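Each remark here refers to the structure printed beneath this line.
The values are calculated or read from the model by the stated rules, or taken from the named source; none is laboratory data. All figures in this text were calculated on a predicted structure; none of them were measured in a lab. FYI the Cβ positions are ideal-geometry reconstructions off the backbone, even for glycines, and counts take in every protein chain you see.
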Amino acid sequence: VATAGTVVRTRRGEIRLTPLEDGSSVLLNTDSRIRIRYDRGERRVALLEGEAYFSVARDDDRPFVVEVDGRRLTTSQAGFRVRRLDRAPVEVLVNQGRVDVAGGKPGLALAANSRMALSGPAAGRPQRLAPETVTRELAWRDGKLAFEGEPLGEAAAAFARYSDTTIEVRDPVLAREPVTGLFAANDPVGFSRAVARVFDARIEVERHGVVLTRAPAS
């Protein structure tokens, strides 16, 4: 059980479940880091980098607060994901309960099946999500990456968070092809072979990565 002052981190490709002293837990995604700051008045966790899913045990007298990028997300009981990645807006997604957002509009709260950016052009605009979209967004908790029409180049970039094996898509038209499916996050080679079959592409497995190109016309 992690206690106050503890810093918990994961390496690339690692997913770690950390139980907390109050019965809550934090599931850390790949390459992530949190600091636990529990005291008598609050249960506080700071997300320093990466992505984490918080399962918060109910306590009406001692709020659970996630600090990220100068913002405070507060709840008494909820299940929610917070993400802080390089070159991407800080984001919160709620799939259970309710989370109050400090620093936003007065009384701003996110209910289950909703998402909001905390930085960037769309900051402060709650977005309702279909339950299947929430499931897809949280597939990483089971070691999976789920895509629903994202460009192949974007999907390849998602795999780079989980492995040192890179996927390079050299054909710009191929990079724009939409990808749909559920894939193991730690298997970029298997993913590349699957999409190569679908898009009639050529795959070359090199020492540090995979290269995808269009197969020449016959």
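Scanning region 18-41 for residues that are without any contact (Cβ under 8 Å) to a residue 24 or more places away in the chain, surrounded by fewer than 15 Cβ atoms within 10 Å (Cβ to Cβ) and outside any strand (DSSP E or B) turns up E21, R40, G41.
Could you go through region 182-195 and let me know if any residue there is buried (at least 18 other Cβ atoms within 10 Å of the Cβ), farther than 24 Å from A88 by Cα, hydrophobic (A, V, I, L, M, F, W, C) and over 21 Å from the mean Cα position of the chain (by Cα). So far as region 182-195 goes, yes, one or more of its residues are buried (at least 18 other Cβ atoms within 10 Å of the Cβ), farther than 24 Å from A88 by Cα, hydrophobic (A, V, I, L, M, F, W, C) and over 21 Å from the mean Cα position of the chain (by Cα).
Considering only residues of region 157-170 that are crowded, with 22+ Cβ neighbours inside 10 Å and within 15 Å of the chain's Cα centre (by Cα), which is farthest from F199 (Cα to Cα)?
Taking region 157-170 first, the residues crowded, with 22+ Cβ neighbours inside 10 Å are 159, 162, 167, 169.
When the remaining residues are screened for being within 15 Å of the chain's Cα centre (by Cα), the result is 159, 162.
Details: F159: 18, Y162: 24 Å.
Step by step, filter region 157-170, then rank; the result is Y162.
When you look at R81, is it in the same structural domain as Q96 (by TED's automatic domain parsing), in contact with a helix residue (DSSP H, G or I) (Cβ under 9 Å, 6 or more places away or on another chain), free of Cβ contacts under 8 Å to residues at least 60 places away in the same chain and under 19 Å from R115 (Cα atoms), yes or no? It is true that R81 is in the same structural domain as Q96 (by TED's automatic domain parsing), in contact with a helix residue (DSSP H, G or I) (Cβ under 9 Å, 6 or more places away or on another chain), free of Cβ contacts under 8 Å to residues at least 60 places away in the same chain and under 19 Å from R115 (Cα atoms).
Would you confirm, using the coordinates I've provided, whether L129 is among the aliphatic types (A, V, I, L, M) and either within 23 Å of R16 (Cα to Cα) or in contact with a helix residue (DSSP H, G or I) (Cβ under 9 Å, 6 or more places away or on another chain) (or both)? Against the criterion (among the aliphatic types (A, V, I, L, M) and either within 23 Å of R16 (Cα to Cα) or in contact with a helix residue (DSSP H, G or I) (Cβ under 9 Å, 6 or more places away or on another chain) (or both)), L129 qualifies. Across region 42-51, the number of residues qualifying as in a strand (DSSP E or B) and closer than 13 Å to A4 by Cα comes to 4.
Within region 170-186, residues that are touching a residue at least 24 places away in the same chain (Cβ under 8 Å) reach partners that are loosely packed, with under 14 Cβ neighbours inside 10 Å and in a strand (DSSP E or B) with beta carbons closer than 8 Å, at six or more positions or on different chains, in the pairs P178/G149; V179/G149; T180/E148; T180/G149.
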